[in-house]
Amino acid sequence: MQTIEIYTEQIQTGEAHSSKGNQLKWEQGGWWYKADAFGYESLAEVVVSHLLQKSNLTETVAYEPVLIRYKGTEYRGCRSRNFRREKEELIPLERLARSYTGFGLARQLAHMSEVRERIGYAKELVRNVTGLEDFGVYLTKMLEIDAFFLNEDRHTNNIALLYDTQIREYRFCPFFDMGLSLFSDTRETYPLALDYEECCKKITAKPFHRDFDEQLDAANELYGCYLKFEMAANRIDRVVEEIEEKYRGGQEESWYTDEETKRVQSVLRYQARKYSYMF
């Protein structure tokens, strides 16, 4: 696995941090880098991106694992190519809503009782502000990804659009930032000793409902079903093994522990059985 030296002056901060706290992130040489902060986020990010590349969704960001050296300390992490064009800004929905209505989106959603109403409101907000007509479809694909991979970090600052400041046009952002998936937070919430059922009891979805399937069912009813993996479900274990083999770089031991890898494979097997129609 490649080791990348990161320099202090290139550290990035912003409003769209993880809901669990700030994570070390940098932009350097056309790449975005993220260091593990809670467990095996980089492994989750890489596995999710590789599996999505074996699906019918084309608007996804590819991640690869790296070792990050920062201020003399090495971190497990991952990186992805910068997908923003030269004059583009990343605009989270929370910021978009505040600029248009004066109130944050999360606050407005909290006053609505029905999941369909919340999803529909977000769709109409984006259409009214940006002119983008298919945000309902885009959002449905995102919620399908989150439900399958158990991404608990989809707060309203973690749904974003891209805005070109030169031509003053918006476009959909590729799907990215799925590190808090697959119960990757082993430090605080999902220690490796917890099994799948126990982890499921603790996890909560965002931002339209605390239950992944409530969000997913409402979005599918409104806008249809989209995510399909172009592989057999029983190939999942092998895909994870291939990722490890590809990035091990000839080393005998993986940067991820056997427990972490087996946890990821086990969670994916459970999810593949639950959402078998996606295969």
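The values are calculated or read from the model by the stated rules, or taken from the named source; none is laboratory data. Note that this is a predicted model, so its numbers are computed, not measured. Virtual Cβ from ideal backbone geometry, glycine too; neighbours counted across all protein chains shown. SASA here: full protein model, heavy atoms, side chains in, ligands and nucleic acids out. Shrake-Rupley method; radii C 1.70, N 1.55, O 1.52, S 1.80 Å.
At a glance:
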read-out: Cα gyration tensor category, rounded, prolate or oblate, for segment 32-130 with a/c compared to 1.5; value: prolate
read-out: Residue list for segment 151-190, given a label point 7 angstrom along the Cα-to-Cβ vector of R98 and an amide N cut-off under 19 Å; value: 154-163
read-out: Scattering profile of the chain at q = 0.12, 0.13, 0.17 Å⁻¹ [log10 I(q)/I(0), Debye over alpha-carbon scatterers]; value: -0.76, -0.90, -1.54
read-out: Within the chain, helix-based [θ] at 222 nm, where runs of 4 or more DSSP H residues each add -39,500 (n - 2.57), nearest 500; value: -12000 deg cm²/dmol
read-out: Long pairs among K34/K71; K25/K87; K202/K262; K71/K206; K54/K202, criterion Cα-Cα beyond 23 Å; value: K71/K206; K54/K202
read-out: With at most 16 neighbouring Cβ atoms within 10 Å, loop GluC sites (Glu not before Pro) (DSSP) excluded, longest segment of the chain; value: 134-187
read-out: Signed unit charges on C-beta, dipole axis of the chain, positive-most listed residue L43, V61, G102; value: G102
read-out: Rounded FRET efficiency, nearest 0.05, which uses the C-beta distance separating K228 from R273 and R0 of 22 Å; value: 0.85
read-out: For segment 189-260, convex hull of alpha carbons as volume per residue, Å³; value: 156 Å³
read-out: Segment 87-201 - convex hull of the alpha-carbon atoms, volume per residue in Å³; value: 122 Å³
read-out: Span from the segment 52-109 Cα centroid across to the segment 191-237 one, whole angstrom; value: 20 Å
read-out: Where chymotrypsin sites (Phe, Trp or Tyr not before Pro) fall in DSSP loop in segment 77-110, at most 14 other Cβ within 10 Å; value: F103
read-out: T165/Q2 FRET efficiency (R0 35 Å; Cβ-Cβ; nearest 0.05); value: 0.60
read-out: Prolate/oblate/rounded label for segment 128-279 (Cα gyration tensor, a/c 1.5); value: prolate
read-out: FRET E, pair E114, C200, Förster distance 35 Å, beta-carbon r, rounded to 0.05; value: 0.90
read-out: Carbon plus sulfur fraction of accessible area for segment 118-203, probe 1.4 Å, in percent; value: 43 percent
read-out: Residue-span extension gain [T58 to R107] - 0.36 nm each, minus C-alpha spacing; value: 14.4 nm
